[in-house]
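Here the structure is laid out as structure tokens; the discussion comes afterwards.
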There are 2 protein chains.
Amino acid sequence: MRIITINREFGSGGRELGKRLAENLGFAYYDKEIIDAIAEKSKLDEGFIDKTIEEGAWKNYPITFNHTFAYMPLIETPGNTLISWQSEVLHEIAEKSDCVIVGRAADAILDEYHPFKVFVFADMDSKVKRCQERAEEGENLTDKEMIRHIKKIDKSRASNHDLFAPYKWGSREGFDLCINTSNVEIKTIVPAIGDYAKAWFGNF
Amino acid sequence: MRIITINREFGSGGRELGKRLAENLGFAYYDKEIIDAIAEKSKLDEGFIDKTIEEGAWKNYPITFNHTFAYMPLIETPGNTLISWQSEVLHEIAEKSDCVIVGRAADAILDEYHPFKVFVFADMDSKVKRCQERAEEGENLTDKEMIRHIKKIDKSRASNHDLFAPYKWGSREGFDLCINTSNVEIKTIVPAIGDYAKAWFGNF
């Protein structure tokens with residue numbers, strides 16, 4: 001199977017890029033569907049799963065053990081159960097068909113499949129502009145608040161990703177292609193990225 | 001004019017990529033030609049120019065001034081004269097036609113032209129392999145020596161680049177596309193990069 005993983009900075013248009021890339025190549029597309037599948041397996045609440053996976057929250061459950069603080073052994077936390085389910089769901093997806101997977105540390109968890117790893121980023125001005133344009137009615141963040149929001153989400157994404165990967169979220173070394181979408185209309189660049197991916201897969 | 005600048009890790013195939021990309025797009029290609037042009041203007045030795053530009057050597061001329069060590073003011077060093085010539089030659093090139101320029105801090109020096117900035121890199125194993133395959137007869141570096149050689153050249157390139165640029169050599173933030181060529185045959189990916197560049201220029 002040919003697997004493309006997309007990691008992305010919040011506001012960089014990475015999700016749109018992933019979705020359009022899947023359409024361009026005729027690949028399956030997975031994003032929130034991963035959370036749904038884990039929810040179905042685990043019977044846990046989707047909101048809880050999303051938050052835990054997105055923020056790597058299981059790192060942060062200190063417990064008292066023999067009168068000292070220790071981190072709860074992963075095996076006993078709901079987080080760890082989530083790790084297993086996350087891994088199981090991603091492996092099932094990987095076996096099914098060619099696909100594009102956005103986020104959820106798929107690049108690291110599916111490393112054995114040698115996925116084409118894409119990182120999408122942009123400068124802050126461009127991300128704020130993209131977020132403000134897409135804000136739903138009633139969402140009225142100032143640019144300053146938006147910047148804080150973007151940074152917070154990216155910090156969570158990095159933290160969760162780096163639990164799984166031997167390279168840092170967003171470090172070019174870990175990725176096959178890093179795409180700067182500053183002031184770029186995503187749909188204009190997708191066909192070339194599709195061709196690049198096809199050429200890249202042809203080498204392996 | 002549409003300008004593509006290529007910065008690259010030694011052994012990543014960046015020069016080949018630049019050359020093939022220029023052919024693919026019908027753009028002019030500049031690499032060592034820049035050194036030749038500076039030599040012609042300055043009447044300085046090509047080897048000296050190449051070494052000074054590649055290694056940013058002008059940073060390293062300490063002089064005694066008022067009994068304390070100081071760095072020679074740039075204006076008075078041959079290095080600074082070189083900076084002016086380097087800038088002059090690059091601007092002349094930029095005004096001439098669409099082009100691909102490899103190295104020589106063209107990404108930073110020609111920033112006002114809004115070039116499409118590419119960074120080419122690869123993992124160390126892949127770079128060593130590429131270098132060993134291309135080594136000329138008589139060049140017999142062990143892999144360990146080759147790694148040292150690669151690191152030394154990249155350090156020089158970074159040092160020279162960062163004299164001119166407000167972002168670090170190889171930091172994804174400074175570039176529009178970062179391409180990982182590990183185990184990839186350069187010629188297979190060039191047409192898609194050409195299409196990407198055309199699409200990217202269409203946004204500005």
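No lab work stands behind these numbers, since they all come straight from the coordinates. A quick note: this is a predicted structure, and the numbers were derived from the prediction, not measured. Cβ atoms come from the backbone with ideal geometry, glycine included; neighbour counts cover every protein chain shown.
Go ahead and estimate [θ] at 222 nm for chain A from helices alone: -39,500 (n - 2.57) per DSSP H run with n ≥ 4, summed, over the residue count, rounded to 500. Could the numbers behind the result be given before it?
Working: 8 runs with 105 residues, N = 204.
So the helix-based figure for chain A works out to -16500 deg cm²/dmol.
Provide the FRET efficiency to the nearest 0.05 for the A:Ser97-B:Asp36 pair, computing r from the beta carbons and using R0 = 51 Å.
0.45
Would you work out the relative contact order for region B:3-197, in percent, from Cα pairs under 8 angstrom that are 6 or more residues apart?
Rounded, it is 37 percent for region B:3-197.
Given 0.36 nm per residue, what is the gain on full extension from B:Arg148 to B:Arg134 after removing their alpha carbon distance, in nm?
3.4 nm
Please arrange B:Leu21, B:Leu163 by counting, for each residue, the other beta carbons lying within 10 Å of its beta carbon, fewest first.
Listing B:Leu21, B:Leu163 from fewest to most nearby Cβ atoms yields B:Leu163, B:Leu21.
So what are the ³J(HN,Hα) numbers for region B:166-173, from phi and the Karplus equation (6.51, -1.76, 1.60; θ = phi - 60°), rounded to whole Hz, Gly and Pro as x?
Here the 3J(HN,Hα) series is x, 10, 7, 3, x, 6, 4, 4 Hz.
Can you tell me which of B:Ala105, B:Ala135, B:Ala22 moves the most in a GNM of chain B? Springs connect C-alpha atoms under 10 Å apart.
B:Ala135
By counting other Cβ atoms within 10 Å of each Cβ, how are A:Phe119, B:Phe201 ranked from fewest to most?
Ordered by Cβ neighbours within 10 Å, fewest first: B:Phe201, A:Phe119.
Using the Kirkwood formula over every pair of different C-alpha atoms, what hydrodynamic radius in Å results for chain A? Can you show the working numbers first?
On the way: mean 1/r = 0.0556 Å⁻¹.
After inverting the mean inverse Cα-Cα distance, the result is 18.0 Å.
Any idea what the alpha-carbon Rg over 2.2 N^0.38 Å comes to for region A:159-204?
Its radius of gyration relative to the 2.2 N^0.38 Å reference: 1.42.
If r is the Cβ-Cβ distance from A:Glu112 to B:Glu23 and R0 is 41 Å, what FRET efficiency results, to the nearest 0.05?
Efficiency, rounded to the nearest 0.05: 0.65.
How many nanometers, to one decimal and shortest first, lie between the label point of B:Lys168 and those of its other copies, if labels sit 7 Å from Cα toward Cβ?
0.8
Less than 19 Å from a label point 7 Å out along the Cα-to-Cβ axis of A:Glu54: which backbone N atoms in region A:1-33 qualify, by residue?
Residues A:6-19, A:30-33 fall inside that zone.
Strictly greater than 25 Å: what percent of every Cα pair in the protein assembly as shown meets that? Could you put the intermediate results ahead of the total?
Details: 52368 of 83028 pairs.
In whole percent, the share of Cα-Cα pairs in the protein assembly as shown beyond 25 Å is 63.
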